[in-house]
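Input: a single structure, listed below in structure tokens.
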Amino acid sequence: MTAAETVLSPTSLRPIDWLLLAYLGIVSVVAALRASTQPECWWLLVAHVLFVVFLVFLTRPGQGVVGRSFRELYPLFLLPALYSELDILNAPSVLVHDRLVQHWELLVFGTQVSREWWQRAPSRFWSAVLHTAYLSYYVILSAPALYFAWKGDLPAVRRFVLVVMTTFVLSYLIFIFFPVAGPYYMFPRPAAWFTDNPPARLVYDALAKGSSYGAAFPSSHVAASLAATLSAGSTSRKVGWLLAMPTLLLTVGVVYCQMHYGVDALAGLVMGALIAGAFLHKTATLRLQ
């Protein structure tokens, strides 16, 4: 047995590692099948091989405090790359299901709420506030893990990261097999006055540089933010309450600011609650045993 085989053994892998390996395995199959029409997909296979190599080095024994903390946090650093892969897999020529989702939108809300809301209730103030809430997404996902790592509570970091990454993985699989472009692509952009504030400009700059086509339903912003808030709150009520208002505003903001359909946000709430609830129930059951 080689050194690499010894290090990357089943006993050295944690649930988060298995989750990512399984996800990348599925994505690799999809990428290989789509590579004939989307040659960029071959690069994803190379990237996935490099991840395995990275995991070999990451699971080596004898790491210091910094190494052990990074061992718990590393999946969060992979999120931008995993999200970017979606834009390669879901080329603009891919069949999207926006008509179906817009039909659901009419059934639930009676209108295309993401297109109509900001026009029926125009507000420069709420545009600035809710675009800021949209940006708070990055803080909601990272701050609790960094805080728990700083406190030295690595089990809390591990639970938090697993809950958040499970939410993302399931969301991303839906994006791959049921792509929905969303209002950002399907509807005309909001009026210039609505986006003429610093937070909105930052949001649109970020979307222009890093948005992935087909990644609208469910809203992973909402799902992951809620899952993160509930998971963090199970360890520290103070942290959970601090995240509650940004998560609420973000949920409203993704619809009001015409980034997601209303049903995207609702589906995100359901997904985030179910995943966090399942993990919290399992944790509570293990504590009682």
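Of S127, S123, S114, which residue is more than 16 Å from the chain's Cα centre (by Cα) and free of Cβ contacts under 8 Å to residues at least 12 places away in the same chain?
S123
Are any of the residues in segment 191-208 under 23 Å from G272 (Cα atoms), hydroxyl-bearing (S, T, Y) and in contact (Cβ under 8 Å) with a residue 60 or more places away in the chain?
There is no residue in segment 191-208 that is under 23 Å from G272 (Cα atoms), hydroxyl-bearing (S, T, Y) and in contact (Cβ under 8 Å) with a residue 60 or more places away in the chain.
Is there any pair linking a residue in segment 81-109 that is over 10 Å from F175 (Cβ atoms) to one that is among the charged types (D, E, K, R) and loosely packed, with under 15 Cβ neighbours inside 10 Å, with Cβ under 7 Å and at least six apart or on different chains, and which?
Every condition considered, the pairs that remain are I88/E40.
Among the listed residues V139, V180, V161, which satisfies the condition of being crowded, with 22+ Cβ neighbours inside 10 Å and more than 19 Å from A267 (Cβ to Cβ)? Outline the logic, then answer.
Numbers: V139 fails: crowded, with 22+ Cβ neighbours inside 10 Å; V180 fails: more than 19 Å from A267 (Cβ to Cβ).
After applying the criteria, what remains is V161.
Of (1) at pLDDT below 95; (2) farther than 19 Å from N90 by Cβ; (3) buried (at least 24 other Cβ atoms within 10 Å of the Cβ), S231 satisfies all except one. Which?
Among (1) at pLDDT below 95; (2) farther than 19 Å from N90 by Cβ; (3) buried (at least 24 other Cβ atoms within 10 Å of the Cβ), S231 violates only (1).
Could you check, for segment 60-68, whether at least one of its residues is within 27 Å of G262 (Cβ to Cβ), assigned to a helix (DSSP H, G or I) and basic (K, R)?
Within segment 60-68 (the criterion being within 27 Å of G262 (Cβ to Cβ), assigned to a helix (DSSP H, G or I) and basic (K, R)), the answer is no, since none of the residues qualifies.
Do you know which residues across segment 24-37 are surrounded by 15 or more Cβ atoms within 10 Å (Cβ to Cβ) and of a type outside the set (A, V, I, L, M, F, W, C)?
Those that are surrounded by 15 or more Cβ atoms within 10 Å (Cβ to Cβ) and of a type outside the set (A, V, I, L, M, F, W, C): S28, R34.
Taking into account only those residues within segment 184-193 that are aromatic (F, W, Y) and not in a loop (DSSP other than H, G, I, E, B), which is nearest to A91 (Cα to Cα)?
Of segment 184-193, the ones aromatic (F, W, Y) are 184-185, 187, 193.
Then drop every residue that is not not in a loop (DSSP other than H, G, I, E, B), which leaves 184-185.
Working: Y184: 16, Y185: 13 Å.
It comes out as Y185.
Just checking, how many residues over segment 194-211 are in a helix (DSSP H, G or I) and hydroxyl-bearing (S, T, Y)?
Count: 1.
Got at least one residue in segment 213-221 being touching a residue at least 40 places away in the same chain (Cβ under 8 Å), part of a helix (DSSP H, G or I), buried (at least 24 other Cβ atoms within 10 Å of the Cβ) and touching a Phe, Trp or Tyr at 6+ places or on another chain (Cβ under 8 Å)? Show your work before the answer.
Step one: filter segment 213-221 for residues touching a residue at least 40 places away in the same chain (Cβ under 8 Å), giving 213-221.
Right, trim to part of a helix (DSSP H, G or I) and you get 220-221.
Next, only the ones that are buried (at least 24 other Cβ atoms within 10 Å of the Cβ) stay: 220-221.
From what's left, touching a Phe, Trp or Tyr at 6+ places or on another chain (Cβ under 8 Å): 220-221.
Within segment 213-221, one or more residues are touching a residue at least 40 places away in the same chain (Cβ under 8 Å), part of a helix (DSSP H, G or I), buried (at least 24 other Cβ atoms within 10 Å of the Cβ) and touching a Phe, Trp or Tyr at 6+ places or on another chain (Cβ under 8 Å).
What's the total number of residues in segment 38-87 that are of a type in the set (G, A, S), more than 13 Å from L24 (Cα to Cα) and either modelled with pLDDT of 90 or more or surrounded by fewer than 16 Cβ atoms within 10 Å (Cβ to Cβ) (or both)?
Initially, segment 38-87 is screened for residues of a type in the set (G, A, S), giving 47, 62, 64, 67, 69, 81, 84.
Then keep just the ones that are more than 13 Å from L24 (Cα to Cα); that gives 62, 64, 67, 69, 84.
Restricting the remaining residues to those that are either modelled with pLDDT of 90 or more or surrounded by fewer than 16 Cβ atoms within 10 Å (Cβ to Cβ) (or both) gives 62, 64, 67, 84.
Number of matching residues: 4.
Restricting attention to segment 202-231, which residues are more than 17 Å from F177 (Cβ to Cβ) and not small (G, A, S)?
Matches in segment 202-231: L202, V203, Y204, D205, L207, K209, H221, V222, L226, T229, L230.
What are the residues in segment 160-183 that are part of a helix (DSSP H, G or I) and in contact with a His (Cβ under 8 Å, 6 or more places away or on another chain), if any? I'd like the intermediate steps shown before the answer.
Let us first name the residues in segment 160-183 that are part of a helix (DSSP H, G or I), namely 160-177, 183.
The one that is part of a helix (DSSP H, G or I) and in contact with a His (Cβ under 8 Å, 6 or more places away or on another chain): P183.
The values are calculated or read from the model by the stated rules, or taken from the named source; none is laboratory data. Every value quoted in this text rests on a predicted model; they were computed, and no experiment measured them. In this analysis, Cβ positions are derived from the backbone assuming ideal geometry, glycine residues included, and neighbour counts consider all displayed protein chains.
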